[in-house]
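A short worksheet on the structure shown next.
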Amino acid sequence: MNPNFLNTPIDYLKRVGPQRANLLRTELGVHTYQDLINLFPNRYIDKTKYYKINELQRNSTEVQLVGKVVHMKMVEQKRGKRLVAIFTDGTAEMELVWFKGHKWIKEGVKLNTPYVVYGKINWFNGVFSIPHPEMELLKDHEASLRSAMQPVYPSTEKLTKIGINNKVINQLIQELFKESQGKFYDTLPKYLLEELKLINKAEALFNIHFPRNPEMLAKAQYRLKFEELFYIQFQLIRKNLVRKSKIKGYPFENVGKNFTSFYNEHLPFDLTGAQKRVIKEIRKDLGSNAQMNRLLQGDVGSGKTIVALLTALLALDNGFQACIMAPTEILATQHYNGILELVKPLNLNVKLLTGSTKTSDRKIIHEELQNGDLSILIGTHAVLEDKVKFQNLGLAIIDEQHRFGVAQRAKLWRKNEIPPHVLVMTATPIPRTLAMSLYGDLDISVIDELPPGRKPIKTVHRYDGNRLKVFQFIRDEIEKGRQVYVVYPLIQESESMDYKDLMDGYESIARDFPAPKYQISIVHGQMKPADKDYEMDRFLRGETQIMVATTVIEVGVNVPNASVMIIESAERFGLSQLHQLRGRVGRGAEQSFCILMTGHKLSDDSKTRLETMTRTNDGFEIAEVDLKLRGPGNIMGTQQSGVLNLKIADIVKDNDILKVARYYAMRLLKDDPTLQKPENKIVKYTFEKLQLHKNIWNYIS
Ligand code: ADP
Ligand code: MG
């Protein structure tokens, strides 16, 4: 086979005309033969199975039915007409619907004649319908071969409308196999195939599209998933190695007076074992000649701030400046105040830069940064502005990583000729497997231990009907001198309704907790920042006992005296959000509580979320459940990283394959880092090709 065969533009394939070629490109990203062969089925359906109309479920997807069209009619609608066929199989009636190609359908479809109909079902107002179904006369259908594993390819509405349905894609792939005679080069080295007992590429491709039997399909899937994950891990690990060998970092060789005196004399508490371990890991990075790029994961309240500060002090001890970035003004200010307090005895110049910093102050900050007077800059996105120039930024710390994009991370890098060391901190635990794919190019540290003396937060689920009891509980806690959060959901789509819920809630609480005995703060997104800060501040200082808020308080707010978190309509929150919110309490020495309020109607997923929250306080465990419930697509950070652009592997389900792939990628890079060995030529070649092939690799920054 001509080695360039797979690069042939899709236009050249039999049955593909200009219109089809264009749609294949725009709708499915299929530009070449290679892309088409890599268009893997989403799943396989059993086309030996027939459904009955009366057994269809609202959540059924593609179905195959046998029946007759008894009647056809045109229905006028706002935008154009649709052709509706009433279809029955004796058990019930349903509709077949066409928005286009009416003439052809009306002439082509025979009434009262048995057909096999196949398509995706819709349900509307009690009626099932299939838009643009595939139809075949029963007698033709019976004469053709059917397999229990018919591939179902990704498709789009646009494609089906102009007739590129599943059957057509299947035919195109058949054409491709005919032209190539099924000869496809392998993309993994022979020794790996043998060691891992993988089938070769040609066999895998054939069986993924035309499975001979379930066993061969499974082998084909395993081989192709392995390959996909192998090359991703290969890329990530290689990038990390290259960075370490090529990108010089400033070696922080000294442990000087700032670090030592703070560590020995001014630490406000003993560090936990986990904190000590993480600091050791960081010091090792900083002491080497490579640039540090480390992700620090630690549950809310695990004490990441002190780690950040100690790291910053190391930078100062080596003659560098440090910068700490947080996603919101509230958080940045909180870091600023906290750190200022901690380093008081050290006499350091620490400043805060946010969107609302006054121009005159800003000017001073800019100057002091450039002449080196300013040691630690704390701020929001404002520190990324081009005007902000450091004399010698040695370390950048980013808190709550997921709120910043990769691009912003890169912007910090470019602040110096030699990139500063980077420490990103997140309180949203990322399951280990996902972290490997999301941040495979970063080194990861984990604080998996809470400071001593913390009492685990008691979490309960209560129905709205129990509100009076819950209110009494709040009263008792306030009596003991505690403070209480009451949080309402705020979800974009129904913002005005949510806003009303919040205000109604506020009024009802104000009735049950009347002034002057009780003081209530309220904070929500529609308030001016200054008003928000004012209300926050009152709560922080203990002037108000109750804080009614939306999720704006989700991240980072630290009021140790608050011991009760009430979450209204808890069923509407995602798990990670519930966990983040709960993390607002349990910060002091007192027993804290989280009360999840819901109505009686709960979906299965909601029940799982509530059950998980009441069962455990462990952020990693919660993250695993979350990942299973929602899939990786909804986990923070995955969209921007594009880890979902995988063609066949599934980050969650193929966890085990991922681990194997990572192991072998690492072994190969250790053994032959520049791919010089003849047996690895194939890896070198494939990898170079993949890198050119941007639509697979665009997520790797
Ligand atoms: P997070 O990891 O959520 O950023 P913080 O750094 O804000 O956590 O720490 C939470 C609270 O725990 C702070 O009040 C901090 O002073 C305290 N803390 C941190 N580490 C320790 C420790 N080793 N012993 C006692 N308290 C600690
Ligand atoms: Mg924090």
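The values are calculated or read from the model by the stated rules, or taken from the named source; none is laboratory data. As the structure is a computational prediction, the values presented were derived from the model and not from experiment. As a convention, Cβ positions derive from the backbone with ideal geometry for all residues, glycine included, and neighbour counts pool all protein chains shown. SASA here: full protein model, heavy atoms, side chains in, ligands and nucleic acids out. Shrake-Rupley method; radii C 1.70, N 1.55, O 1.52, S 1.80 Å.
Available extension along the chain between Glu265 and Asp512 is 84.1 nm, counting 0.36 nm per residue and deducting the alpha carbon span. Rolling a 1.4 Å probe over the heavy atoms of the protein chains gives the range 458-616 an accessible area of 46 Å² per residue.
Can you bin the range 108-218 into rounded, prolate or oblate? Criterion: square roots of the alpha carbon gyration tensor eigenvalues sorted a ≥ b ≥ c, rounded for a/c under 1.5, prolate for a/b above b/c, oblate for the rest. Prolate is the answer for the range 108-218, as a/c is 1.5 or above and a/b outweighs b/c. Straightening the chain between Asp537 and Ala92 buys 153.7 nm, computed as 0.36 nm per residue apart minus the Cα-Cα spacing.
Is the chain rounded, prolate or oblate when judged by the Cα gyration tensor, a ≥ b ≥ c being the square roots of its eigenvalues, rounded requiring a/c under 1.5 and prolate requiring a/b larger than b/c? It is oblate, given that a/c is not under 1.5 and a/b is not larger than b/c. Derived scalar couplings between HN and Hα for the range 282-290 equal 5, 5, 5, 4, 5, x, 7, 8, 9 Hz in order, rounded to whole Hz, by the Karplus curve 6.51 cos²θ - 1.76 cosθ + 1.60 (θ = phi - 60°), x for Gly and Pro. Once the C-beta distance of Lys14 and Lys183 is scaled by a Förster radius of 22 Å, the resulting FRET efficiency is 0.80 to the nearest 0.05.
With a simple spin-label model that places each label point 7 Å from the Cα along the Cα-to-Cβ direction, the separation between Asp464 and Val70 comes to 4.4 nm. Counting only protein heavy atoms and using a 1.4 Å probe, the accessible area of Asp270 comes to about 140 Å².
Using the Cα centre as the reference, give the magnitude of the dipole from point charges on the C-beta atoms of the range 458-616 (Lys, Arg: +1; Asp, Glu: -1; all else neutral), rounded to the nearest 20 debye. The partial results should precede the final answer.
Details: 22 positive and 23 negative charges, 108 e Å.
That gives a dipole near 520 debye.
A 1.4 Å probe, protein heavy atoms only, puts the accessible area of Lys387 near 130 Å².
For Lys276, a cut-off of 23 angstrom between C-alpha atoms picks up these lysines, skipping any fewer than 8 places away in its own chain: Lys257, Lys284, Lys304, Lys344, Lys455. A Cβ-based charge dipole, computed about the Cα centre of the range 48-145 with Lys and Arg at +1 and Asp and Glu at -1, lands at about 480 debye. Calculated [222 nm] ellipticity per residue, helices only, for the chain: -12500 deg cm²/dmol; basis is -39500 (n - 2.57) per DSSP H run with n ≥ 4, divided by all residues, nearest 500. A 18 angstrom limit on the alpha carbon distance is what I want to check against. Which of Lys363/Lys532; Lys178/Lys689; Lys363/Lys389; Lys647/Lys677 exceed it? Violating the 18 Å limit, Cα to Cα: Lys363/Lys532; Lys178/Lys689; Lys647/Lys677. With the simple model of a label 7 Å out from the Cα in the direction of the Cβ, Gln676 to Glu55 spans 6.5 nm. The candidates Phe320, Phe471, arranged from most to least accessible area with a 1.4 Å probe in the full protein assembly, appear as Phe320, Phe471.
With the whole protein complex present, Met503 retains an accessible surface near 60 Å², based on a 1.4 Å probe. Overall shape: oblate for the range 48-145, with the ratio a/c of the largest to smallest alpha carbon gyration tensor axis at 1.5 or above and b/c at least equal to a/b. Cross-link pairs exceeding 31 Å in C-alpha to C-alpha distance, out of Lys280/Lys653; Lys458/Lys659; Lys219/Lys670; Lys225/Lys628; Lys78/Lys106, comprise Lys280/Lys653; Lys458/Lys659.
Among the protein heavy atoms of the range 458-616, carbon and sulfur supply 51% of the accessible surface, probe 1.4 Å, non-protein parts ignored. Taking all protein chains together and a 1.4 Å probe, the residues Trp98, Trp123 rank Trp123, Trp98 from largest to smallest accessible area. Amide hydrogen proximity for Ile45: with H placed 1.01 Å from N in the peptide plane, the residues at 5 or more positions away or on another chain lying under 5 Å are Gln150, Val152.
If I compute solvent accessible area with a 1.4 Å probe over the protein chains, what percent of it on the range 48-145 is carbon and sulfur? Accessible surface attributable to carbon and sulfur in the range 48-145 totals 52 percent. Within the chain, DSSP assigns beta bridges of which about 35% are antiparallel (rounded to the nearest 5). Fully extending the segment from Lys167 to Arg475, taken as 0.36 nm per residue of separation minus the present Cα-Cα distance, adds 104.3 nm.
For the range 204-219, backbone phi angles converted through the Karplus equation (6.51, -1.76, 1.60; θ = phi - 60°) give residue-by-residue couplings of 5, 5, 4, 6, 6, 8, 9, x, 6, 6, x, 5, 5, 4, 4, 5 Hz, Gly and Pro being listed as x. Taking 7 Å steps out from each Cα toward its Cβ at Ile247 and Arg43 produces label points 4.1 nm apart. To check you understand DSSP bridge types, tell me what percent of the beta bridges within the range 48-145 (both residues inside) are antiparallel, rounded to 5. Counting only bridges with both partners in the range 48-145, antiparallel ones make up about 85 percent. For Tyr250, Tyr222, the ranking by accessible surface with the largest value first comes to Tyr222, Tyr250, using a 1.4 Å probe. Bridgeable aspartates and glutamates around Lys110 (alpha carbons under 16 Å apart, same-chain partners fewer than 8 residues away excluded): Asp89, Glu95, Glu134, Glu136, Asp140.
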